[in-house]
Amino acid sequence: MRTHLRTYLFSALLLVTCSLLNACQSPAEQRICFFGSSVCRGVGADALNGYAAQVTETLPAGWESVNISIDGNNTYDLFARFDHDMTPVEARFVVIGISLGNEGLHEKGARAVLAYKENMPRLIRMLQEQGRVVIVTNNYPRADFNPVDYEDLCAVNLEVQEWDVPTINLFGTIDDGHGRWAAHMWNGTDIYHPNQRGHRAMASAFPPSMWEALQAGKPLPEYICTQGDTNGVEHVTFVPEGQAESYTLSYVSADTTYTEVYSAAQNKQWLYTNGQLLSTTEAVHKTVDTITIHGSNIHQVLFYRAAMTEREVRALAKGKMLRSSLEIYCPLLGGNTTNYAQTMNCVSIHNK
């Protein structure tokens, strides 16, 4: 009797253990759903090999994605098909890939901005209530946008940078400086979509190890004050993950904030000190590899996989915690090299 009881208990324990293991290894835990409009679906790229498909190619082993994006969708369309299309999808991670263009920015102006700012938080909550991790791509250009549209895009994208979800700065990889597609990143006739080159640039805004960091529960980074800290750091180095194209690098050295912005879309580089433009260099073609910083008492090292606008650089210099496409955030408080960005990358330092 006792032998049978022990056998039963062991079998029950084994069954529970296997069930738990299977739950931990559920495909949904390593699946991403792209939920958006035509650009997210891949329109404009060769054979729909758009940014979502290219991000999928860089996923860790065992990961996969599903794309349920539909051409022309805006926030109202995502609401309308949420229960039918989104709810049945078994995916822990959801990328919302829409933009103000489909919301009617060029035609409706402020009304489109208001709709986006009201609807996006609601969509995010609906997904989070289903237990999903939500990633939001920011608003990207369009070939017919005018200066007013550009100002609206920049203002909304600055807000998106501070949202309490992971966000991706697509705009900073493909903007021509006026809210339109960079010349070599669209085909010259399709005003709504980037070409294959443009989609590649947009895909580069996603930090490759972000998915593993999110799966591990790494939280959104919060600003850590380092004022008055003497860490003696005079040399910082790191290697960006995968193929970064455009970037923004910011750090504090000897109480001065230095920011370097490089746009592969515009082939330009800007240098700022304390948020003020110091210089602009034209016709710059860079390969982003090892990043090295030399300075004195270096703090607040941030590296983003997209070019920031001037208003974003000014906000960053004022201590705003901007997060879109953030790959490295090391306050270096007391020389601690912890990277608080939602990636698995790290930095090396040299102290006096």
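The values are calculated or read from the model by the stated rules, or taken from the named source; none is laboratory data. A quick note: this is a predicted structure, and the numbers were derived from the prediction, not measured. A quick note on method: Cβ atoms are made from the backbone with ideal geometry, for glycine too, and the neighbour counts reach across all protein chains shown. Areas reflect the complete protein model, heavy atoms only, side chains present, ligands, DNA and RNA absent. Shrake-Rupley method; radii C 1.70, N 1.55, O 1.52, S 1.80 Å.
A few notes on this one:
- GNM result for the chain, Cα springs below 10 Å: residue of Q215, Q243, Q266 fluctuating most strongly: Q215
- Segment 95-109 - phi-based ³J(HN,Hα) in whole Hz, Karplus 6.51/-1.76/1.60, Gly and Pro as x: 9, 8, x, 10, 8, 5, x, 6, 6, x, 4, 5, 9, 10, x
- Each residue, R122 and C346, gets one label point 7 Å from its Cα in the Cβ direction; the gap between the two is 4.5 nm.
- Max mean-square fluctuation residue, GNM over the chain, Cα-Cα springs under 10 Å, options S296, S204, S69: S296
- Positive contributions from Lys and Arg (+1) and negative ones from Asp and Glu (-1), summed over other residues with Cβ under 14 Å from the Cβ of A91, come out at -1.
- FRET efficiency, 1/(1 + (r/R0)^6) with R0 30 Å, evaluated for D83 and L48 via beta carbons: 0.70
- Apportionment of accessible area to carbon and sulfur, the chain, percent (1.4 Å): 53 percent
- From its DSSP helices (H runs of at least four residues, each -39,500 (n - 2.57)), the chain gives a residue-normalised ellipticity at 222 nm of -9000 deg cm²/dmol.
- Theoretical gain in end-to-end length, T292 to D255 [0.36 nm per residue, Cα-Cα removed]: 11.5 nm
- A cut-off of 5 Å between modelled amide H atoms, ignoring neighbours fewer than 5 places along the same chain, links I168 with V136, T137, N138, S325.
- Residue-span extension gain [E64 to V284] - 0.36 nm each, minus C-alpha spacing: 75.6 nm
- Probe 1.4 Å, accessible area per residue of the chain, Å²: 45 Å²
- Environment charge at Q30 (Cβ cut-off 12 Å; Lys +1, Arg +1, Asp -1, Glu -1): -2
- Kirkwood Rh, angstrom, segment 228-352 [1 / mean 1/r, Cα pairs]: 14.5 Å
- Percent antiparallel among DSSP beta bridges (both partners in the chain, rounded to 5): 70 percent
- The chain shape via C-alpha gyration tensor axes, a/c threshold 1.5: oblate
- Remark on K268: its backbone amide H falls under 5 Å from those of S263, V284, a criterion applied only to residues 5 or more positions apart or on other chains, H modelled at 1.01 Å from N.
- Among T259, T287, T273, the largest mean-square fluctuation in a Gaussian network model of the chain, built with springs joining Cα atoms closer than 10 Å, belongs to T287.
- With θ taken as phi - 60° and the Karplus curve 6.51 cos²θ - 1.76 cosθ + 1.60 applied, the whole-hertz 3J(HN,Hα) list for segment 345-350 is 6, 8, 10, 10, 10, 10 Hz, x standing for glycine and proline.
- Nearest-20 debye value, the chain charge dipole, Cβ charges on Lys, Arg, Asp, Glu: 780 debye
- Distant-in-sequence amide contacts of V133, defined by a placed amide H-H separation under 5 Å and a gap of 5 or more residues or a different chain, comprise F93, V94.
- With coordinates expressed along the principal axes, the C-alpha atoms belonging to segment 218-286 extend over 39, 32, 22 Å, beginning with the largest.
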